[in-house]
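Taking it in order: structure first as structure tokens, then the write-up.
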């Protein structure tokens, strides 16, 4: 019989309405066997005081992240905001083109000096003023080695002249994706996937290639640990055999600090083959690895003007975005998955895409009613009360992209959505008021994973430029913390196992230095995460005292 | 729009001609592709099909024609991570043995104009033709759909050539209505009608300029001509005087959209000592330096356009006017 450990904490917030606050939690092997006062649990096991000055919450559940959270670190970070690397190193945000160039020169100077493309990511010119970066800056890094910077949006690149030259990108082509100077020459900023791919191919570079799958998964887990997340999702993975093997091997390691929910992309296989594949993958499930969910993508993204909006469309008059599938195709791809009992996670950024997804799901669910499917609309950034109401009627959940408010809120206010719609984007308070099961997310690496930061976004609705977008959609701190724990667990159909601290559930905790309910809500993001407990095992965050 | 794309950038191979086949689901894109593969006559064609679910490529064709390579893919338009269409396309370049042509069949909701950018930019591909296949019976219905209207309109306006397919399923009066509808939605875009998406292969691909090009197109008319009778006609221009280069560019820029193709060897004043290869498709053209003239310089040009829509006297006047006096 394994031993029981009783962890005493400064305070434990359980998300269990019967007992919202506790003093101690008893853990046997990887499960919770008691939550109460220290006195009540006395005798059940040995008391462990390591969290005596810490605050425990249920381990955070990030319902929309990607494996690239871990793998993107194979490239140099050149973003505006400070960002934590998987090794715990804090990469300072770069506040000017000069600082970006300096960091890249530093990396380029590390031997061996060779001609391999120097790839960087996270560049966010939105925060660096009016002037756009050009080849002039990146040619200061090298005039012999290709240099490519992926923007944080993943919708644009900046390259040096080596890349333009080798890819054969000239000013002659009349293509929207090539940014030109007054004289018609390409500046080195490239947008649109077709153009970006030509540049990358010109120098044999590819941001999608994962050179080391196990390392990428480990890095994903390490970053989760630093942010207090004990369960993370990999929202759209082709799940090649190598990737599945990687997930199985890495998550089976007791030292790996996270549960992972990888979702199978739903458009590369015929549905009949896909459900066979899902059935096979389900046999590989463990307490730390959860296959069995399918991702579909209906539209694009606001920042690339590819999301589908209802009239009047984009605020600046840009043409409406693009569909990935018709309603008929979505139905054809989704109905068998629904019938076979699997869960669907459907990316709909714009409100027209949300409408289409609701229309198609209504048909499927009406034809084959199914209890408790919990199909979830991901991002759902412009859903309004009317759409949330329909989602409730159909039993749909949603996962809102609250981080967008901070990182892209200024862009949405001025350009993509306009003041009115940006004030009600990611309408978490409406979702809460109407009773939609919902969560909030980062879409990491599109924005950094950090559930407390995401909660802060939903609570404050503050943009990076300092504008408040829609106080009426602010969540309370308690509701935001619920969204990043039990709320997210519900959308993943894992709330019987995780999401709250109560008897019988897995012993997953976020270990915090402060009480997030007691701090000024404006400082919620600054509450320090000292680590996590996963299945009863303590994983201090790198840099935290043990 | 023209881009003077060099034949060979710093020792890389020449850009491969690229044809993009777009159009809504069920319009006949794959039928057109099957027709193309069946009539490839030994040309090595690399094909990327970007769609999901069942893909109805005739597998017997693939089995028989090992000289062509078919790649099936499906990306999503969200961000760079979804650009698998292009990854597949570039993988074709690494295929064993050189390919002669590339054809992309886009997904039913894609904007073929955006996909075609991969042939407008960079050294890898040279955009040949964007052909958009439409279903004569359903296209107007789809173009009125709440979710699809702008997607369909975007496809039609991105086309160099619209193929009105399945015309045998509509009455003559309906077809006439349809023609005026197209005039309004995609004004000026060249159109041809067909029953089974059987477009002459030489119009779809980038065939070498030769007499047989014209003949083959002429032959194919008997098979594929429909109400309109002949679908394409050609006109040739021969001269022993060189063109003024700038004037020739101007003539090409002003060719009407009913002219789909012009090919030939020309003499231009800026490089009179050697042949210049003219390659014009649907408003895009290149003038590339060729060999030294073997004997006497002589311009020989073949212009191909929609049957009954070529104004020969005007063409003749335009090209003659560009010659050095």
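From the P(r) of the stretch B:232-321, could you give the percentage of C-alpha pairs in the tail past 23 Å? When every Cα pair of the stretch B:232-321 is considered, 17 percent fall beyond 23 Å. Taking every residue in A:274-285 and counting other chain Cβ atoms within 10 Å of its Cβ, the average works out to 0. For the stretch B:124-156 versus the stretch B:23-43, the spacing of their alpha-carbon centroids is 16 Å.
Only Cα pairs under 8 Å and at least 6 apart count here; give the relative contact order of the stretch A:213-534 as a rounded whole percent.
15 percent
Please compute the contact order of chain A in relative form: average sequence separation of alpha-carbon pairs under 8 Å and at least six residues apart, divided by the residue count, as a percent. Don't jump to the answer; show the numbers that get you there.
On the way: 1248 pairs, mean separation 93.0, N = 546.
Relative contact order comes out at 17 percent.
Taking the longest Cα principal axis of chain A as reference, the axis of helix A:351-367 is set at about 50 degrees.
Using a/c under 1.5 as the rounded threshold, could you call the stretch A:186-340 rounded, prolate or oblate? The axes a ≥ b ≥ c are square roots of the C-alpha gyration tensor eigenvalues, and prolate needs a/b larger than b/c, oblate otherwise. If you can, show how the numbers build up before the last one.
Numbers: a/c = 1.92, a/b = 1.33, b/c = 1.45.
Oblate is the answer for the stretch A:186-340, as a/c is 1.5 or above yet b/c matches or exceeds a/b.
Using the 10 angstrom Cβ neighbour count as an exposure proxy, how do A:142, B:236 rank, fewest first? List each step's numbers first, then the result.
Working: A:142 18, B:236 11.
Going from least to most buried by this count: B:236, A:142.
Approximating the spin labels as points 7 Å out from Cα along Cα→Cβ, the residue A:82-to-residue A:520 distance works out to 1.7 nm. Given the C-alpha centroids of the stretch A:1-32 and the stretch A:365-402, what is the distance between them in whole angstrom? Their Cα centres are 33 Å away from one another. When its C-alpha radius of gyration is set against 2.2 N^0.38 Å (N residues), the stretch A:98-257 gives a value of 1.21.
Sorting A:348, A:416 from the fewest to the most surrounding beta carbons within 10 angstrom yields A:416, A:348. Most tightly packed first, judged by the mean number of other beta-carbon atoms within 10 Å of their residues, the peptides A:15-27, A:422-434, A:88-100 read A:422-434, A:15-27, A:88-100.
Over all distinct Cα pairs, what is the inverse of the mean 1/r for the stretch A:392-545, reported as the Kirkwood hydrodynamic radius in Å? Show your work: numbers first, answer last.
Details: mean 1/r = 0.0616 Å⁻¹.
In the stretch A:392-545 this quantity evaluates to 16.2 Å.
Across peptide B:140-149, the average count of Cβ atoms from other chains found within 10 Å of a residue's Cβ is 2. Over the Cα atoms of the stretch A:1-106, the radius of gyration divided by the Kirkwood radius equals 1.22; this is the Rg/Rh ratio. Partner shielding of A:324-333 amounts to 5, given as the average count of beta-carbon atoms from other chains within 10 Å of each residue beta-carbon. For the stretch A:213-534, the direction-averaged projected area of the alpha-carbon convex hull comes to 15.6 nm². The listed peptides A:241-249, A:498-506, B:136-144, ordered by packing as a protection proxy, come out as A:498-506, B:136-144, A:241-249 (highest mean of other Cβ atoms within 10 Å first). Spatially, the stretch A:314-345 and the stretch A:450-523 are offset by 28 Å when compared through their Cα centroids.
Can you give the helix-only mean residue ellipticity at 222 nm for chain A, where every DSSP H stretch with n ≥ 4 adds -39500 (n - 2.57) and the sum goes over all residues, rounded to the nearest 500 deg cm²/dmol?
Numbers: 18 runs with 164 residues, N = 546.
After summing the helix terms and dividing by residue count, I get -8500 deg cm²/dmol.
Where does each of A:71, A:354 land when they are ranked from fewest to most other beta-carbon atoms within 10 angstrom?
Values: A:71 23, A:354 28.
Result, fewest neighbours first: A:71, A:354.
Using equal-weight Cα scatterers in the Debye expression, the normalised intensity of the protein assembly as shown in log10 at q = 0.11 Å⁻¹ is -1.29. Starting from a Cα-only point model with no solvent, please compute log10 I(q)/I(0) by Debye for the stretch A:94-173 at q = 0.18, 0.21, 0.25 1/Å. Those come out to -0.73, -0.98, -1.31, one per q.
Every number here is computed from the coordinates shown, using simple stated rules; none is lab data. Given the structure is predicted, the values throughout are model-derived calculations rather than measurements. Here Cβ is always computed from backbone atoms with ideal geometry, including for glycine, and neighbour counts include all displayed protein chains.
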